[in-house]
Amino acid sequence: MAVKTAMMDYAFFEGQIVPFEDAKISIGTHALQYGTGAFAGIRGYLDQDGETINIFRLIDHTTRLLNSGKLLRAELPFTPESLAETIAELVAKNAPSGDIYLRPFIYKPAVQLTPRLRGLGDELAVYVMGMGDYLDLERGQKAAVSSWVRVPDNAMPSRGKLTGSYVNSAFIKDEVEEKGADEAIVLNTAGKVAEGSGCNLFIVRNGILTTPPITSDILEGITRRTILALAEELGIPHETREIDRTELYLSDEAFFCGTGVQIAWIESIDGRPVGNGKIGPVSKQIQTSFFDIVRGRNAAHADWLYPVRKPAAVTA
Ligand code: PMP
């Protein structure tokens, strides 16, 4: 499914807010040539009040982005809090009327030929898009195990969102789309289940919600962390442990999770139905409580939302 997006008018570029068209870089940019960048994908949801955009776990995202920058030896004049403020300012400037997707990223701007990390400078830019569901959440996803393996931590760190690592994701996604699946499940070099091409994975077997550990070469997913916290609160038995491929085929429920995919239940894996091929009770419960939180219907988790109010003047 092609995701519907609409680019918003303003971006943050080289230290200031500028019209999106003016945010341009050289074709020789190091990050473009060698993938020496890192990015975040963040959602902002329109609150049930119709006035506020709730940016979901913004400080967690800015923290992870700056950590990815640290892996790249980036030196940037931001803390997680000051970067969050910059992002919130950009959102307010764009005055969105519905759900949004934010793409802050760090990149090495030098026009220089050697693939290295130091002496190239560091920049941070942000753009904003209007965005609805990335996957169709009304139906189950067809998943397929990819024959590519997840890039291991000692080749390129999966725990951070490094631009170059996404060539691995693109190979994985390409293969399973070719086979007619919606999304991939990828194994790591040890042959254990890692994650999707752009999302983490949970299975439910014998009533236990299970997800692979971070050391299985997966991204330190913020939605994954959210779900583990929700499972704890809701009293859903859960564990974090390595998962074998064949457990996928015996699971009663399975779902992908991530900022883009949100909570997307899996109907089949490699053509084998998961459970009875319908959304299962645990997946449903997690999905419902997730959307209650992001839409501002659960005050107990207001701490996960960074609210940005629509400026009153834009409606005039
Ligand atoms: N794994 C990969 C490879 C991803 O690209 C994403 C999307 N950011 C995720 C997992 C999910 O992470 P998060 O919940 O932080 O969006």
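The values are calculated or read from the model by the stated rules, or taken from the named source; none is laboratory data. Quick caveat, the model's predicted, so the values are computed rather than measured. When we count neighbours, we look across all protein chains shown, and the Cβ atoms used for this are built from the backbone with ideal geometry, even at glycine. Note: areas computed on protein heavy atoms with side chains; ligands, DNA, RNA excluded. Shrake-Rupley method; radii C 1.70, N 1.55, O 1.52, S 1.80 Å.
Points to keep in mind about this one:
- First in segment 38-60 and closer than 14 Å to Phe290 by Cα and among the aliphatic types (A, V, I, L, M), second anywhere and assigned to a strand (DSSP E or B) and open to solvent by 30 Å² or more (accessible area, probe 1.4 Å), Cβ under 6 Å, 6 or more apart: Ile55/Tyr306
- You will find that of Asn67, Asn94, the residue that is of a type in the set (S, T, N, Q), within 16 Å of the ligand (Cβ to nearest atom) and in contact (Cβ under 8 Å) with a residue 12 or more places away in the chain is Asn67 and no other.
- Candidates Glu247, Glu232, Glu267, Glu239 - the one that is modelled with pLDDT of 95 or more, away from the ligand (no atom under 16 Å from the Cβ), more than 24 Å from Val151 (Cβ to Cβ) and touching a Lys or Arg at 6+ places or on another chain (Cβ under 9 Å): Glu267
- When Thr226, Thr246, Thr210 are checked against the criterion of being free of Cβ contacts under 8 Å to residues at least 40 places away in the same chain and open to solvent by less than 10 Å² (accessible area, probe 1.4 Å), a single residue qualifies: Thr210.
- Of the residues making up segment 176-186, those that are surrounded by fewer than 20 Cβ atoms within 10 Å (Cβ to Cβ) and within 20 Å of Phe255 (Cα to Cα) are Glu177, Lys179, Gly180.
- Filter result (of a type in the set (A, V, I, L, M, F, W, C) and surrounded by 16 or more Cβ atoms within 10 Å (Cβ to Cβ)) within segment 72-91: Leu72, Ala74, Phe78, Leu83, Ala84, Ile87, Ala88, Leu90, Val91
- Considering only residues in segment 22-48 that are more than 16 Å from the ligand (Cβ to nearest atom) and charged (D, E, K, R), the one that is least open to solvent (accessible area, probe 1.4 Å) turns out to be Asp47.
- Scanning segment 135-162 for residues that are open to solvent by 60 Å² or more (accessible area, probe 1.4 Å), assigned to a loop (DSSP other than H, G, I, E, B) and closer than 27 Å to Leu71 by Cα gives Asp153, Asn154, Ala155, Met156, Arg159.
- Scanning segment 107-114 for any residue that is closer than 27 Å to Gly196 by Cβ, in a loop (DSSP other than H, G, I, E, B) and either basic (Lys, Arg) or at pLDDT below 95 (or both) turns up nothing.
- One residue stands out in segment 169-199 among those that are near the ligand (Cβ under 10 Å from one of its atoms) and touching a Phe, Trp or Tyr at 6+ places or on another chain (Cβ under 7 Å): the one that is nearest to Thr226 (Cα to Cα), namely Cys199.
- Residue in segment 92-114 that is most open to solvent (accessible area, probe 1.4 Å), counting only those that are among the polar types (S, T, N, Q) and within 26 Å of Gln262 (Cα to Cα): Ser97
- Checking Met129 against (1) within 14 Å of the ligand (Cβ to nearest atom); (2) touching a residue at least 40 places away in the same chain (Cβ under 8 Å); (3) of a type in the set (A, V, I, L, M, F, W, C), the condition it does not meet: (1)
- When the test is whether a residue is in a loop (DSSP other than H, G, I, E, B), open to solvent by 40 Å² or more (accessible area, probe 1.4 Å), touching a residue at least 40 places away in the same chain (Cβ under 8 Å) and hydrophobic (A, V, I, L, M, F, W, C), Leu117 passes it.
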